[in-house]
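The values are calculated or read from the model by the stated rules, or taken from the named source; none is laboratory data. Small disclaimer: the values here were computed from a predicted structure and weren't measured. Counting neighbours? That spans all protein chains shown, and the Cβs are built from the backbone with ideal geometry, glycine included. Just the protein is used for accessible areas: all its heavy atoms, side chains included, with ligands, DNA and RNA removed. Shrake-Rupley method; radii C 1.70, N 1.55, O 1.52, S 1.80 Å.
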Amino acid sequence: MAVKIHFVGAAVLGLLLLTLPAAAQVQAGNLNMNLSGTVAAGYSADYGNLINSAHSVNFGGSGNLAGSYYDPNFLSFTLSPYYNQSRANSNYQSVFDASGFDFTSGIFSGSHFPGSVSYSRSYNQQGSFGLPGVADLTTRGNSDNFGIHWSELLPGLPSLSVGFNDSNNQYSLFGTNQNGHTHQRGFNVSSGYRLLDFNLSAFFANSASVAEYPQLLATGTELLKSRAASNVYGFGVGHSLPWRGSFSTNLSRSQVDSDYLGYKFKGNIDTVNTSVGMQPTNKLHVQASANYTDNLAGTLYQSLIPLGGGVSDTNQSSHAWDFLGSLSYSLLTSLQTQVYASRRVQTFLGQTFGSNQIGGGVGYSRQWFGGSFNASAALTDNTFDHSNQNSLGLNSSVGFGRKVGPWSVSGNFGYAQNVQTLLVTYTSSYYNYSASIRRRFAERLTWGATAAGTHTGLTDRPGFGSGSQSFSTNLSYSRWIGASASYSKSNGQGLLSGSGIVPAPLPPPIAENLFVLYGAHSYSFSASTSPIRGLTVSAAFARSRTTTNDAGLTSSGQNEEYNTYIRYQFRKMYFTAGYARLSQGFSATGKPPAVVSSYFVGVSRWFSFF
């Protein structure tokens, strides 16, 4: 113990020595640099039911090195390292002692050949495994990301931009013995040129993704695996038209090879998109568009399945045509009207489907009763080929906000019924709402609250969809108190991905056994105060409960996080003390939740080396 006390004393002495004056900037020839940061030393402890207790003197801190060579427009750079940063010893948002650095640089930024290079790396970082609408589950791992970009922007010549990115993330789902890994790589080239008043563009993109992620319901260590690779290239042309109009056409081909949990897709997806728009008067606008794809199945699965694909039948023929025309007219400054018509034809699963839409809408916005009011509504009549039935579609919204004495209130509501999806044969319905209220009771006392919710699903599939609700409130009184509380819940169907569950109301052509049913709720509280100058005290608590069901197998999970932090400034020194606790577990593991706690007491100092 004596050795530790002497060690802390030496560390504190070292920090005090940093109070000596230092140069504001270092210049060596054409190199200019500034270095600032925070250094901390103190006593820390970590303990939990799955780790051995550890007590030690802890060193940490963060810094920022910024500089340039010759001129900032020639070469500039920023390096931001951090070491042993957590909620217990700093404001860093991690329960664990995270370390790493971020580096960015700009090259020739003031020329016709600008470029940039960036690289970041983190160790022992707290991450998240997402659940829609509620607090995420906690992960722990390492990650890195590298990027390089360059452009050629010479006047009178075609522009050229090139970029490359490579990122890795390795993590473990806290409270289980399950690990995950994602790796993404991408390369892209694009060019633009104006020739004889035509705007020409071309691009190429190559990407590859691999993901291995934990099974939320499994007791073993087997990982779910997905991969995707694609080459996408295309060409576009645009030209101005009379009556303040324009026209554009874009052609692209995607070569996709993917495997999502054993459901594979490999093939080409060709698309053509054309649009024409004109504005003969300030009030009248006319637009028409046509779209074609020769692989509707690939387009559908690429847009819905994580990592870009997942269909077991790669030999089916599918294509789709979409035609849309619209006319909008402003009757008044605050009143806009629109009429539109569309024709859609799709060949899918060996059958041909077609639909026609005719509709119109109106939008209105103005200052009303001292506030801001807006509303819109659109009706669509849908008819289907080879059927005498039709359906009426509705899309509407209304919103209002104003101040009433010391109160500020606002609210929005939206509702839609029978809105067509990617497939002609399926329509979706949804509603969403939000409301907020705020009042300043005194010169320094303010209270506010918000509520929001949404629900979406397929019209012909009751119970097939997702929804969420959230409520929050906050109270502040000058520097004396800041407090907040929130509650949220969600439920629905989704697909597992490397970053969590992705919600979507998906049509039945997607294999039913890919879906994971989820339900969750969470709540949180936080408070902070600064009763005297230089002193800050804060505390926060969050808890979430989750339930997932995959093919009849059900598992429940829980996550709790608590942290408190105290910081007192005296001159350029800071006294810091903090405590953080994380608990997370899942019923499928058959084990109690994993718990880890840590605390820190020490001193730190901000400095500017040069």
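If you take the C-alpha gyration tensor of segment 16-173, multiply each eigenvalue by 5 and take the square root, what semi-axes do you get, largest first, in whole Å?
In descending order, the three semi-axes are 37, 26, 10 Å.
With all protein chains kept in place, the per residue accessible area of the chain amounts to 51 square angstrom at a probe of 1.4 angstrom. Ellipticity at 222 nm from helices only: DSSP H runs of n ≥ 4 in the chain, each -39500 (n - 2.57), divided by the residue count, give -1500 deg cm²/dmol. Of all lysines in the structure, those lying under 28 Å Cα to Cα from residue 264, and not within fewer than 8 positions of it along the same chain, are 225. Of 331, 196, 154, the order by accessible heavy-atom surface (1.4 Å probe, DNA, RNA and ligands excluded), from most exposed downward, is 196, 331, 154.
Give me the log10 of I(q) over I(0) for segment 541-602 at q = 0.25 Å⁻¹, as the Debye formula computes it from C-alpha points; what are the numbers? The Debye formula, applied to the Cα set alone, gives -1.00.
About its Cα centre, the dipole of segment 483-610 is roughly 820 debye, where the only charges are +1 on Lys and Arg Cβ and -1 on Asp and Glu Cβ.
The share of alpha-carbon pairs in segment 387-463 lying farther apart than 14 Å comes to 70%. Our coupling estimate for segment 555-569, obtained by passing each phi through the Karplus curve with A = 6.51, B = -1.76, C = 1.60 and θ = phi - 60°, is 9, 10, x, 9, 9, 9, 9, 9, 8, 9, 9, 10, 9, 10, 9 Hz, Gly and Pro reported as x. Evaluated with a Cβ-only charge set (Lys, Arg +1; Asp, Glu -1), the chain carries a dipole of roughly 2120 debye about its Cα centre, given to the nearest 20.
Electrostatic tally near residue 536: other residues with Cβ closer than 14 Å to its Cβ, Lys and Arg +1, Asp and Glu -1, net +4.
According to the calculation over all Cα-Cα pairs in segment 140-220, the P(r) per 5 Å bin from zero is 3, 13, 17, 13, 11, 10, 9, 7, 6, 5, 4, 2, 1, 0 %.
Could you work out what % of the accessible surface of the chain is carbon and sulfur, using a 1.4 angstrom probe and leaving DNA, RNA and ligands out of the count? Roughly 60 percent, rounded to a whole number. Dipole size of segment 320-449 about its Cα centre, with +1 on Lys/Arg Cβ and -1 on Asp/Glu Cβ: approximately 800 debye, rounded to the nearest 20.
Each peptide in 535-546, 288-299 gets a packing score, the mean of other Cβ atoms within 10 Å over its residues, and the list from highest to lowest is 288-299, 535-546. The residues neighbouring residue 89, those whose beta-carbon lies less than 15 Å from its own, together hold a net charge of +2 under the Lys/Arg +1, Asp/Glu -1 convention.
Backbone amide hydrogens, once placed in the peptide plane, bring residue 178 within less than 5 Å of 173, excluding anything fewer than 5 places away on its chain. In the frame of its principal axes, segment 225-304 has Cα extents of 55, 22, 19 Å, reported largest first.
How large is the direction-averaged shadow of the alpha-carbon convex hull of the chain, in nm²?
With the hull built on Cα positions only, its mean projection is 34.5 nm².
Since only 417, 396, 564 are under comparison, the one whose Cα sits farthest along the positive direction of the charge dipole of the chain, derived from C-beta charges on Lys, Arg, Asp and Glu, is 564.
Taking other residues whose beta carbon is less than 14 angstrom from the beta carbon of residue 101, and scoring Lys, Arg as +1 and Asp, Glu as -1, yields -1. Can you tell me the relative contact order of segment 82-146? Whole percent, Cα pairs under 8 Å, sequence separation 6 or more. Relative contact order of segment 82-146: 25 percent. With only the Cα atoms considered, segment 185-255 has a convex hull volume of 113 Å³ per residue. All Cα-Cα separations within segment 167-296 were binned at 10 Å from zero, giving a P(r) of 11, 25, 23, 18, 13, 7, 1, each value a whole percent of the pairs.
Please give me, ordered by residue number, the trypsin sites (Lys or Arg not before Pro) of segment 413-474 that lie in loop per DSSP and have at most 16 other Cβ atoms within 10 Å. Write down the numbers at each step before the final one.
Values: sites: 438, 439, 440, 444; in loops: 444.
Counting only loop positions with at most 16 other Cβ atoms within 10 Å, the trypsin sites (Lys or Arg not before Pro) in segment 413-474 are 444.
For segment 140-147, the Karplus equation 6.51 cos²θ - 1.76 cosθ + 1.60, evaluated at θ = phi - 60°, returns couplings of 9, x, 10, 8, 8, 8, 10, x Hz by residue, with Gly and Pro reported as x.
Contact order for the chain, expressed relative to its length and based on alpha carbon pairs under 8 Å spaced 6+ residues apart, stands at 11 percent.
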